[in-house]
Amino acid sequence: MINLTHAGGTIVLPEDLAWPDEFDWSPVAAAEQRTLSGALIIQHSTRQSGRPITLASQGASWFPRAQVQALQALLEAVAPMTLEIHGRTFEVTWRRAGNAQPLEATPVYRLADPDGTHPYLITLRFQEI
């Protein structure tokens, strides 16, 4: 089960969304520096937050247009949201820094005037806070 809970309620997301960057993040950061003698100094620290979480249809998971519109309305929110992914819970916000587009939605097939049930492929970009 994948749920996105916000101040106005909960949006149930498709269970089969992929999490392509699940293992691209490390909770430990390191900084390296050389001394004048050439010795290497490595400083480690634990990251408190900032994990990117991308959920994507990847061509397989369809999402109705009405729910895409509900997600689009959430783009205005800056308050933290709770993302529950298959029993794991994260406090998140939309990832907006740089050129990140927080929500991408592409219709599965083209219609001139789609209704609320028209299927879309989605990509959601969050950042753990």
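The values are calculated or read from the model by the stated rules, or taken from the named source; none is laboratory data. Nothing here was measured: the structure is a model prediction, and the numbers come from that model. Cβ sites come from the backbone with ideal geometry, for glycine too, and all protein chains shown count toward neighbours. When the accessible area is computed, the model is the full protein with side chains, heavy atoms only, and any ligands, DNA or RNA have been set aside. Shrake-Rupley method; radii C 1.70, N 1.55, O 1.52, S 1.80 Å.
For this structure, a couple of remarks:
- The stretch 89-100 residues that are of a type in the set (Gly, Ala, Ser), paired with ones that are part of a strand (DSSP E or B) and at pLDDT 95 or above (beta carbon under 7 Å, 6 or more apart): 100/125
- Of the residues in the stretch 44-57, at least one is more than 15 Å from residue 8 (Cα to Cα), touching an Asp or Glu at 6+ places or on another chain (Cβ under 6 Å) and among the charged types (D, E, K, R).
- On inspection, residue 122 qualifies as open to solvent by less than 80 Å² (accessible area, probe 1.4 Å), in contact with a helix residue (DSSP H, G or I) (Cβ under 7 Å, 6 or more places away or on another chain) and either on the phi > 0 side of the Ramachandran plot or modelled with pLDDT of 95 or more (or both).
- Whenever a residue of the stretch 59-84 is within 13 Å of residue 119 (Cβ to Cβ), its partners that are of a type in the set (Phe, Trp, Tyr), lying with C-beta atoms within less than 9 angstrom and at least six residues away or across chains, give the pairs 62/120; 63/120; 64/120; 65/120; 67/120; 68/120.
- Residue match in the stretch 72-90 (condition: in contact with a Gly (Cβ under 9 Å, 6 or more places away or on another chain) and at pLDDT 90 or above): yes
- Selection within the stretch 23-74: residues that are under 18 Å from residue 92 (Cα atoms) and among the small types (Gly, Ala, Ser). The member of this set that is surrounded by the most Cβ atoms within 10 Å (Cβ to Cβ) is 56.
- Residue, least open to solvent (accessible area, probe 1.4 Å), within the stretch 1-22, restricted to residues that are acidic (Asp, Glu) and under 18 Å from residue 93 (Cα atoms): 21
- Residues (open to solvent by less than 70 Å² (accessible area, probe 1.4 Å) and either β-branched (Val, Ile, Thr) or closer than 20 Å to residue 17 by Cβ (or both)) located in the stretch 88-115: 90, 92, 93, 94, 95, 100, 102, 103, 104, 105, 107, 108
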